[in-house]
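Heads up, the thing below is written out as structure tokens.
The values are calculated or read from the model by the stated rules, or taken from the named source; none is laboratory data. These figures come from a predicted structure and were not determined experimentally. Here the Cβ positions follow ideal geometry from the backbone for every residue, glycine too, while neighbour counts run over all protein chains shown. Quick note on the areas: whole protein, heavy atoms, side chains included, nothing else; ligands and nucleic acids left out. Shrake-Rupley method; radii C 1.70, N 1.55, O 1.52, S 1.80 Å.
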Amino acid sequence: MDDAKYMRRAISLAARARGMTSPNPMVGAVIVKRGRVIAEAYHKRAGAPHAEALALLEAGKKAYGATLYVTLEPCCHLKKRTPPCTNAIIDAGIKRVLIAMEDPNQKVSGKGVRQLKKAGIEVECCVLGHEASRLNEAYVKFITTGMPFVCLKAAMTLDGKIATPTGESRWISSEASRRLVHRMRAESDAIITAIGTVKADDPRMTARGRGGIFSQRGGANGPVRVVIDPHLEIPPGSKILEGPPETIIVTGKDGTKANKLIKSGNKVIKHKGKLKLKWLMKKLGQMGIMSAMIEGGGSLNWHALDEGVVDKVNIFVAPKIIGGQRSISVVGGKFHRKLADALMLREMKAKKVGEDLLISGYLQ
């Protein structure tokens with residue numbers, strides 16, 4: 001029970017850096033000796049010291065003979081900006097190491113554990129592994145597939161509508177829900193939308209909080225904005241083109257307009273034929289984008305779900321009913337799935353946010 005208690009503390013510490021460590025994982029570390037916490041730390045941002053190193057520095061000579069709880073297998077390779085944590089753990093005289101999950105990175109996976117055991121340290125894995133893997137779900141997918149972890153976010157009425165027939169959609173969700181969405185954006189590396197949403201709403205797609213814009217990158221740039229615009233219809237004065245942050249236009253067209261967008265500081269990704277979202281996710285992964293949030297209309301939502309690129313959904317349900325056959329549904333598409341083929345959610349959770357209900361779950 002004590003092991004679980006201290007590991008939960010380490011996971012809680014790691015979560016403080018949510019959205020700040022990309023492309024690194026979130027990691028927390030707690031050092032315990034004779035039933036007392038003598039040091040604790042978490043990895044604050046990419047390039048900064050790792051959680052284990054910070055905790056060991058705080059503990060000093062007291063670390064000798066102590067137990068280390070860490071949420072991810074300690075690193076052991078040299079091809080990075082910080083020294084290997086395994087060496088520091090061994091040198092500090094740590095007696096026992098409990099790990100929540102192995103690192104899926106092939107440079108580390110299993111090697112860190114073996115190095116610690118070889119040095120005579122007692123190692124146990126995995127304590128609260130599921131909780132730790134959920135905390136770093138974006139890192140796990142990115143490091144194992146090269147593609148970002150994708151979350152689809154939408155706000156709808158009780159009858160499943162995201163806009164009236166005239167396109168009116170502000171505001172379906174409550175102010176509390178909208179504040180939470182900005183936090184979700186800030187925790188993502190990219191926000192993906194489509195040209196229909198840009199033309200209808202002219203959104204900025206930035207992560208804004210109290211005191212202005214905040215970002216998962218620790219600055220004012222915010223998550224990258226990705227606009228799917230096959231025919232390059234984006235109006236020149238669109239707010240989403242105002243930077244920072246960076247905007248990426250995904251299009252099948254080139255020419256003068258594309259060149260103007262590039263010259264004005266935007267990036268253009270050219271695709272051939274009909275855009276495949278899985279292809280786009282691979283492109284974004286190659287750019288180092290570890291997590292992405294889809295914020296679009298019913299058409300983009302349908303394509304993302306149908307093509308299987310969505311890992312998780314966050315649906316805000318407002319206590320409102322619009323009605324009308326021509327009102328716009330949260331998921332569009334030209335055809336429907338049979339009930340036997342319906343997409344199912346697992347690990348579904350629901351919580352109240354302001355006047356709304358937030359339903360979250362993972363796609364099977």
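Overview of results
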{"item": "Test for ILE321: is it within 22 Å of the chain's Cα centre (by Cα) and modelled with pLDDT of 90 or more", "result": "no"}
{"item": "Residues satisfying the stated conditions in segment 110-121, i.e. closer than 23 Å to SER12 by Cα and either more than 30 Å from the chain's Cα centre (by Cα) or of a type in the set (Gly, Ala, Ser) (or both)", "result": "GLY112"}
{"item": "Test for THR197: is it at pLDDT below 90, more than 23 Å from ALA48 (Cβ to Cβ) and surrounded by 15 or more Cβ atoms within 10 Å (Cβ to Cβ)", "result": "no"}
{"item": "Condition met for MET156 (within 17 Å of VAL226 (Cα to Cα) and at pLDDT 90 or above)", "result": "no"}
{"item": "First in segment 25-44 and under 22 Å from LYS141 (Cβ atoms) and among the aliphatic types (A, V, I, L, M), second anywhere and in a strand (DSSP E or B) and open to solvent by 10 Å² or more (accessible area, probe 1.4 Å), Cβ under 8 Å, 6 or more apart", "result": "MET26/TYR42; VAL27/TYR42"}
{"item": "Residue count for segment 148-202, restricted to those that are of a type in the set (A, V, I, L, M, F, W, C), in contact with a Phe, Trp or Tyr (Cβ under 9 Å, 6 or more places away or on another chain) and assigned to a helix (DSSP H, G or I)", "result": "3"}
{"item": "Every pair of residues 6+ apart whose Cβ atoms lie under 6 Å, when the first sits in segment 282-307 and is open to solvent by 30 Å² or more (accessible area, probe 1.4 Å) while the second is among the hydroxyl-bearing types (Ser, Thr, Tyr)", "result": "none"}
{"item": "Condition check for LYS278: under 19 Å from LYS153 (Cα atoms) and at pLDDT 90 or above", "result": "yes"}
{"item": "Sole residue being modelled with pLDDT under 90, within 18 Å of the chain's Cα centre (by Cα) and farther than 20 Å from LEU152 by Cβ, chosen from ARG217, ARG210", "result": "ARG217"}
{"item": "Where a residue in segment 103-116 is more than 19 Å from ILE90 (Cα to Cα) and its partner, wherever it lies, is in a helix (DSSP H, G or I) and of a type in the set (Ser, Thr, Tyr), with Cβ under 7 Å and at least six apart", "result": "PRO104/THR144"}
{"item": "Contacts under 8 angstrom Cβ, first residue in segment 320-339 being more than 23 Å from ALA194 (Cβ to Cβ), partner assigned to a loop (DSSP other than H, G, I, E, B) and open to solvent by 50 Å² or more (accessible area, probe 1.4 Å), 6 or more apart", "result": "LYS320/LEU158; ILE321/LEU158; ILE321/ASP159; GLY323/ASP159"}
{"item": "Residue within segment 231-243 that is crowded, with 22+ Cβ neighbours inside 10 Å, out of contact with any Leu (no Cβ under 9 Å at 6 or more places or on another chain) and modelled with pLDDT of 90 or more present", "result": "yes"}
{"item": "Residue list for segment 27-45, restricted to those being open to solvent by 20 Å² or more (accessible area, probe 1.4 Å) and outside any strand (DSSP E or B)", "result": "ARG34, GLY35, LYS44, ARG45"}
{"item": "Filter result (more than 13 Å from LEU13 (Cα to Cα) and not basic (Lys, Arg)) within segment 31-52", "result": "VAL32, GLY35, VAL37, ILE38, ALA46, GLY47, ALA48, PRO49"}
{"item": "Residues of segment 139-189 satisfying the condition of being more than 23 Å from the chain's Cα centre (by Cα), surrounded by fewer than 17 Cβ atoms within 10 Å (Cβ to Cβ) and at negative phi", "result": "LEU158, ASP159, THR164, PRO165, THR166, GLU168, ARG170, TRP171"}
